[in-house]
Structures are given as C-alpha cells and as structure tokens.
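The values are calculated or read from the model by the stated rules, or taken from the named source; none is laboratory data. All of these numbers come straight from a predicted model, not from anything done at the bench. Cβ sites come from the backbone with ideal geometry, for glycine too, and all protein chains shown count toward neighbours. Ligands, DNA and RNA are excluded from the accessible area calculation, which covers all protein heavy atoms including side chains. Shrake-Rupley method; radii C 1.70, N 1.55, O 1.52, S 1.80 Å.
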Amino acid sequence: MKKQKIMRWFYPGIAIFIFSTYLIALLQDYIPNTVEVFLSTTMGMVSYSVMLTLVLIAIRPRQIEKHLELKAMYEVHAWMAIALIVTLFIHVFIRWSGLENIFTLEISDTSMLGYGGLISLFLVMITGIFVLSDVIIQKSDKLMEWKENKWNRNVHLWIHRLAIVSILFIYFHIWNVTYLSGNILLHTLNTIYTVFVLGSYFYYKIRIWRLPRYEVIANEMPTPDVHALQLKATKSDVMNYQPGQFGFFRFIDSDLPNEAHPFSFSSALDHESDIIEIMVKESGDWTSSLDIVKEGDQVTIEGPYGNFYPKEKENSDTPMILLSGGIGFTPSLSVLRHEMANNSDRRIAFLWGLHGEEDMIYTEELKRMADENKNFTFHLIFSGEEIEGYPHGHVDDTFIREEGLEEFYKTASWHVCGPPPMLEASKSLLAEQKVSKDQQYIEEFAF
Ligand SMILES: Cc1cc2nc3c(=O)[nH]c(=O)nc-3n(C[C@H](O)[C@H](O)[C@H](O)COP(=O)(O)OP(=O)(O)OC[C@H]3O[C@@H](n4cnc5c(N)ncnc54)[C@H](O)[C@@H]3O)c2cc1C
C-alpha cells in the first residue's frame, strides 16, 4: 500500500523532472522582459511537460503497472490532465490578445501553431473527461448515464489520439517563440523529450499491431447473458499470466468493432493446451454483439495486467477469501483453478454474490473442487430471487458470520472483485472489520 502511494508520484515526478530541466535551460539564457511573459512561458512549459507524461501513461507500460495498478495509473492520468487544463489556461490567458485578431488572421505563426495545439487538445480533453474516464464524471449519476447512452467510446478514442497532433503543434510552437530562438539547450532538451515520447507511442502501436494471434475455438453461452470464450494460441506459446490477471482483447477480423476491451482470464495458465478462457457479461453495445464472434476468428491480447493474486501469494499458507459479485467471479475462478491444479493445502473460501438462479454457472466445477480439496468451501448468496437452500441478500458481515468465516477477517488475504457498487460495499465491510489494507487485493471492473 505504502509502495503504491509512493508509486502514484512516479508520473507526476517525470513531469516535474521535465519541467525542472526546461526551467534550468530557460534561466541560463533568458532575458525576462516582463513578469507576464515569464509566468506565461513557465506555465506553458508545465503544461507541455504534463502532456508528454500523459502519453507515457497512455501506453500503459507493464513494468510500471506491476507497481502501480492500471486503475491508479488512469486516476493519475485524470488528475494530471486537470493540471494540464489549469496551467494551459494560465499560459493562454496571460498572452491573450483578443478574438478579433484570430478572425482577421492577424496572428503570428507562433500563435497559429499554439492555437492548433490548443484546439486539438480541447477535443482530447472533452473525450477524456466525458467518455474515456469515469474518474471525474462518476461523481454524478446523470453524467454517467449520459456517457453510457449518448457517446460512442470508439469514436472518442480516435479523437483522443489527436493528443499526438497537439504535441506536434506545440513542439513547433516552441520552436517559433522568438525570445527562445537562441536557447540551444532548451531546444535540444525539448527535441529529446518529444522524440522519446512520440517514439515510445509509435513503438507501442507497432507492438500492439504485431501481438501474437489467438484463434476462437468456442463461444458458448452458459447463461442468457454471459459468453464463455475459449481462445487458442496458434503460432506461439500461450501468454505467461498469473491467475486472476486480465488482458485487453481485440477481435481483429470479426464484424465486432475493433476496440480493445479488458477482461480477466478465468482459466489458469496451461502450457499444454495453450488455451485461454474468458467470460464476458453482455453489459453494453460491444459486449452485446459478441454473438457474432465465431470459431476461427482471430484475437490479440495485450497484457497481462493486474495484481489480484500477486506472485508472492502463490504457495503461501495464508488462508484466502475470494469475494466476488456477479461476473466478478472470473479472476477468482482463475485463482481457484490454479490452486486446485496445484493441490493447494491452504484454507480457501469463495464467497459469491449472485442475482438469480440463472447466474449459477460452474457450480458443478465448484462442487467437484470442494469434494476433491477438503480445505476449500464455497458460499453462494442471492440478492434477487429467493432460492431454496440458499441465503438471500448480499455478501455482508451477517452472511460471513452465518457461514462461520469471521475468523478470516484477521488471518486471511481478501481478494475482492466485481462491479463498482459491490466493491464499494465490500471495501466498507473490510474497513469496518479492520481488515488491513495489506490483506486486501481489489480488482474493479471499471477504470
Ligand atoms: C480490469 C478489468 C477486468 C474486467 N474483466 C471482465 C470480465 O472478466 N468479464 C466481464 O464481463 N467484464 C469484465 N470487465 C468489464 C468489461 O471490460 C466491460 O464491461 C466492457 O468493456 C464493456 O463494454 P461495452 O462497450 O459492451 O459496454 P459499455 O456500455 O460501452 O461500457 C460500460 C462500461 O465499461 C467500461 N468500458 C467500456 N469499454 C471499455 C474499454 N474498452 N476499456 C475499458 N473500460 C471500458 C466503461 O467504464 C463503461 O462505462 C472488466 C473490466 C476491467 C477494467
């Protein structure tokens, strides 16, 4: 937890570093004419440093994600984007010479390039705030509803990529600033940073394009709204993933829109079969079109990402509680399959909150696991229909005590996964029961 908090400063730290070097370069060769120009220049530099860093976050490097979860990375991205808006506003506002100059086109090349960067960046911000990220708008139910019903995520993803165009505009804008023209150090640093960031971005794009392909070998529906997809690695080995991790799946030659969507692996790594399994609940336009996916379709997987079941939890004696809500059972199933395949002798309990009888899938497999491994128990509870033989309600303290699992508040590691409302309730429960943050591993099915 402490490490995560420190890691949250990793990307702001990069932006601060870039800005500090710009500032040093600026001060060693700067003849300030007014305070306004100095302030505007430094604010412009802060915003460009932040912009470059945001691209480095957007390429979701796995080496960083191991220490700072993707959700946290996207949160940092959202807050840094706000810092970008504020500093950019100050930069433009101080030097603002009125709209009439724009309409009469009496503006310098420098300003023209600046406006190019500004307009593209404005579109990038709108798409980011309202469509791609939940961080800010999730505070309002109305905005969330608006987002889900009125905006097409894929179109906005394309608009969001204008960030690269904006960077090019701003790079040349800086080249054109008269009072910076003799500052070789500043321009050298600026070129190095810009080339590095754009290079990393295009390298990432090429990597995605060249990812190994998997072939769909089954697309079944164990319930009316859940797809169980089996994907087989064809030309290379199956991806090396930890149980409970997730990847970004892109169906590249089917009629599905070519978007990358995150799904947790429900399979455990198996190098013999080379098969990866995912379970997808129909929850929006894209997932509800999955029935057009057929055997033989090609899929790429970007990843793996996630820290639901970190490597140090493997072969451990610590008891483990897997707490899932609805389709959030996918990473738990992966962990269970892994533990059972390794004849684990640790105590494991799987608590699963479901809505109704038709959500009851894989119970035969769970029963078999419990028969074969005496240290494993599973506990279902239904919040919608009343089902004979099962308790009614949500996974809460009462349920945990009724199932005789309360001792695990102190002793177990808690691996929780599900949709946002279920996670909020689970986090409150764990906080009330004083389960320490170090015992908690949380995967949320939203960014
Ligand atoms: C780490 C993680 C693991 C997940 N694992 C599973 C799983 O195993 N099974 C499962 O059924 N669902 C899983 N999900 C949720 C799943 O990714 C979304 O439900 C799905 O992408 C929604 O797509 P849609 O266009 O059909 O729905 P929409 O109605 O368009 O979107 C619903 C919500 O899903 C999110 N979303 C949509 N598209 C994307 C995207 N490309 N990238 C990120 N978020 C997006 C948005 O927050 C949006 O508000 C997971 C999500 C995350 C973040």
Pick out, in residue order, every one of the chymotrypsin sites (Phe, Trp or Tyr not before Pro) in the stretch 1-96 that is DSSP loop and has at most 13 other C-beta atoms within 10 Å; say none if there are none. W9, W96
Cross-link candidates for K235: which aspartates and glutamates have Cα within less than 13 Å, leaving aside residues fewer than 8 places away along the same chain? E215, D274
So what's the back-of-envelope 222 nm ellipticity for the chain, counting only DSSP H runs of four-plus at -39500 (n - 2.57) apiece and dividing by all residues, rounded to 500? -14500 deg cm²/dmol
Along the charge dipole of the stretch 190-262, pointing to its positive end and built from +1/-1 on Cβ of Lys, Arg, Asp and Glu, which listed residue (Q245, L211, T194) has its Cα farthest out? T194
Report the gain in length on full extension from Y115 to T178: 0.36 nm times residue separation, minus Cα-Cα distance, nm rounded to one decimal. 21.0 nm
Ranking C417, Y441, L351 by how far each Cα lies towards the positive end of the charge dipole of the chain (+1 on Lys and Arg Cβ, -1 on Asp and Glu Cβ), the top one is Y441
Ignoring everything but the protein chains, give the 1.4 Å probe accessible area of R401 in square angstrom, nearest 10. 110
Rank-order 273-283, 384-394 by packing density, defined as the average count of other C-beta atoms within 10 Å over each peptide's residues, highest first. 273-283, 384-394
How much length would be gained if the chain were fully extended between I217 and E259, taking 0.36 nm per residue of separation minus their Cα-Cα distance, in nm to one decimal? 13.1 nm
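Within 10 Å, count the other beta carbons around each residue, average over each peptide in 112-122, 336-346, and list them highest first.
Those peptides, ordered most packed to least, come out 112-122, 336-346.
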Any idea what the dipole of the stretch 259-372 comes to, in debye rounded to 20, about its Cα centre with Lys/Arg Cβ at +1 and Asp/Glu Cβ at -1? 480
Put +1 on the Cβ of every Lys and Arg and -1 on every Asp and Glu Cβ in the stretch 2-209; which of V76, T127, L27 then has its Cα farthest towards the positive end of the dipole? V76
What would the Debye formula give as log10 I(q)/I(0) at q = 0.09, 0.10, 0.13 Å⁻¹ for the alpha-carbon point model of the stretch 311-444, no solvent? -0.23, -0.29, -0.50
Name the aspartates and glutamates eligible as straight-distance cross-link partners of K205: C-alpha to C-alpha under 20 Å, and not fewer than 8 places from it in the same chain. E65, D253, E259, E302
Violating pairs (Cα-Cα greater than 28 angstrom) within the set K139/K294; K3/K232; K139/K437; K281/K367; K367/K434: K139/K294; K3/K232; K367/K434
Accessible-area value, T188, 1.4 Å probe, nucleic acids and ligands omitted, Å²: 70
Highest GNM mean-square fluctuation, the chain, Cα pairs closer than 10 Å: which of I126, I348, I327? I126
Relative to the Cα centre, what is the charge dipole magnitude of the chain, using +1 at the beta carbon of each Lys and Arg, -1 at the beta carbon of each Asp and Glu, and rounding to the nearest 20 debye? 2080
Between Y390 and T34, take the C-beta separation as r, use R0 = 56 Å, and let me know the FRET efficiency to the nearest 0.05. 0.15
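Out of all Cα-Cα pairs in the stretch 150-240, roughly what percent, to the nearest whole number, are more than 22 Å apart?
Value for the stretch 150-240 (Cα pairs over 22 Å): 60 percent.
In percent, what relative contact order does the chain have, based on Cα pairs under 8 Å that are 6 or more apart in sequence?
Relative contact order, the chain: 12 percent.
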Place a point 7 Å from the Cα of D274 in the direction of its beta carbon; the residues of the stretch 213-243 whose amide N falls under 14 Å from it are 213-217, 231-240
So what is log10(I(q)/I(0)) for the chain at q = 0.09, 0.10 1/Å, when the Debye sum runs over its Cα atoms only? -0.68, -0.81
Protein accessible area in the stretch 283-326, 1.4 Å probe - carbon and sulfur %: 42
